[in-house]
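The values are calculated or read from the model by the stated rules, or taken from the named source; none is laboratory data. As the structure is a computational prediction, the values presented were derived from the model and not from experiment. Methodologically, a virtual Cβ is constructed for each residue, glycine included, from the backbone with ideal geometry; neighbour enumeration extends over all protein chains shown. The area values use the complete protein model at the heavy-atom level, side chains included, leaving out ligands, DNA and RNA. Shrake-Rupley method; radii C 1.70, N 1.55, O 1.52, S 1.80 Å.
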Amino acid sequence: MNKNRKQTHFGIDPQTRQIVLGKWRIGLPESPLLRILLGSLLVLCGLLGFLPVLGFWMIPLGLIVLSHDIPSVRRRRRRLAVWWARWRGKANSSKNS
């Protein structure tokens, strides 16, 4: 791995078009239509997460895939990431006080 590349722990690596979830990387299809179809299917199947085999974990994964091609989903994902980073920073700073 390139040491100059910023370490991303969650999201999409724009250079490799891979979903990054911690140490795991998942490749995305090249076609925007296939990415939108995949993301939509993940969200729809995630809504049925109470059934065996399917899970609610599919919803955020589907939204990450959709955020690659749909600007409104991308903006919401970025807002959530900023909020989460601020919230974690406040939680960590209050523990150190």
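The table below lists the values:
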read-out	value
Trypsin sites (Lys or Arg not before Pro) within the range 17-97, DSSP loop, no more than 14 other Cβ atoms inside 10 Å	R17, K23
Percent carbon-and-sulfur accessible area, the range 46-95, ignoring ligands, DNA and RNA, probe 1.4 Å	66
